[in-house]
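Undergrad: So that we are looking at the same thing, I have put the structure below in structure tokens.
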Amino acid sequence: MLDAFSRAVVSADAKTATIGESELAALRQYVANGNKRLDAVNAIASNASCIVSDAVSGMICENTGLIQAGGNCYPNRRMASCLRDGEIVLRYISYALLAGDASVLDDRCLNGLKETYIALGVPLQSAGRAVAIMKASSCAHISETNTPGMGGTRFNKMETIQGDCSAVASEAASYFDRIISALG
């Protein structure tokens, strides 16, 4: 697993050069956005069960055959596995967001994920759809665009992230997109 600093060093070593001005500027920006990054991870972690359960519910609403006899979310143990997998994916996205590098996501989550799901008979399109719903919800929590009207009784506004968080939300979205692509 690498972080933004380790990635800069490994990249410079591969080129047999010192860390350049552009890499230093990127690291300065990483440090400057440190609190936003921590708040974004906190927003995801604090709402993880809600994000995952809403995503799985949304996926099932779009494909009700998943919860019928013979479906991939039937019986309860399969549903529990689906929720567990969603929590694991979200956790690795949080790790990548905190580190500012996708290597932990690639090494620990995506390596063999598609093949495992195919072997288990998990419908990849449904899994990808659940990840897409988690992306929308997580990015709304990060950028604080979630509203009481959209959240209903489960509305939870963190009110901790200060300033423009579009860059951090965009980075998080790229990690979700990476998973969706790996499942496609």
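Undergrad: Are any residues in segment 1-23 assigned to a loop (DSSP other than H, G, I, E, B), under 24 Å from TYR95 (Cβ atoms) and hydrophobic (A, V, I, L, M, F, W, C), and if so, which ones?
TA: The first filter runs over segment 1-23 and keeps only residues assigned to a loop (DSSP other than H, G, I, E, B), leaving 1-3, 15-20.
Going one step further and asking which of them are under 24 Å from TYR95 (Cβ atoms), we end up with 1-3, 19.
Passing the criteria: MET1, LEU2, ILE19.
Undergrad: Please enumerate the residues belonging to segment 92-115 that are at pLDDT 95 or above and of a type in the set (Val, Ile, Thr).
TA: Within segment 92-115, just ILE93 meets the criteria.
Undergrad: Suppose we keep only residues that are hydroxyl-bearing (Ser, Thr, Tyr) and under 22 Å from the mean Cα position of the chain (by Cα) within segment 47-82. Which one would you say is farthest from ALA132 (Cα to Cα)?
TA: Residue satisfying both the conditions and the ranking: SER81.
Undergrad: Please indicate, with yes or no, whether at least one residue in segment 20-34 is acidic (Asp, Glu) and either touching an Asp or Glu at 6+ places or on another chain (Cβ under 9 Å) or closer than 19 Å to SER103 by Cα (or both).
TA: Scanning segment 20-34 turns up at least one residue that is acidic (Asp, Glu) and either touching an Asp or Glu at 6+ places or on another chain (Cβ under 9 Å) or closer than 19 Å to SER103 by Cα (or both).
Undergrad: Let me ask you something else. Checking the structure you have, find out if any residue of segment 64-72 is in contact with a Leu (Cβ under 9 Å, 6 or more places away or on another chain) and modelled with pLDDT under 90.
TA: yes
For every residue, the table says whether it meets (1) in a helix (DSSP H, G or I); (2) among the charged types (D, E, K, R); (3) in contact (Cβ under 8 Å) with a residue 60 or more places away in the chain.
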{"site": "CYS73", "(1), (2), (3)": "no, no, no"}
{"site": "ARG77", "(1), (2), (3)": "yes, yes, no"}
{"site": "CYS82", "(1), (2), (3)": "yes, no, no"}
{"site": "VAL89", "(1), (2), (3)": "yes, no, yes"}
{"site": "SER94", "(1), (2), (3)": "yes, no, no"}
{"site": "LEU97", "(1), (2), (3)": "yes, no, yes"}
{"site": "CYS109", "(1), (2), (3)": "yes, no, yes"}
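The values are calculated or read from the model by the stated rules, or taken from the named source; none is laboratory data. Source: prediction; values computed, not measured. Here Cβ is always computed from backbone atoms with ideal geometry, including for glycine, and neighbour counts include all displayed protein chains.
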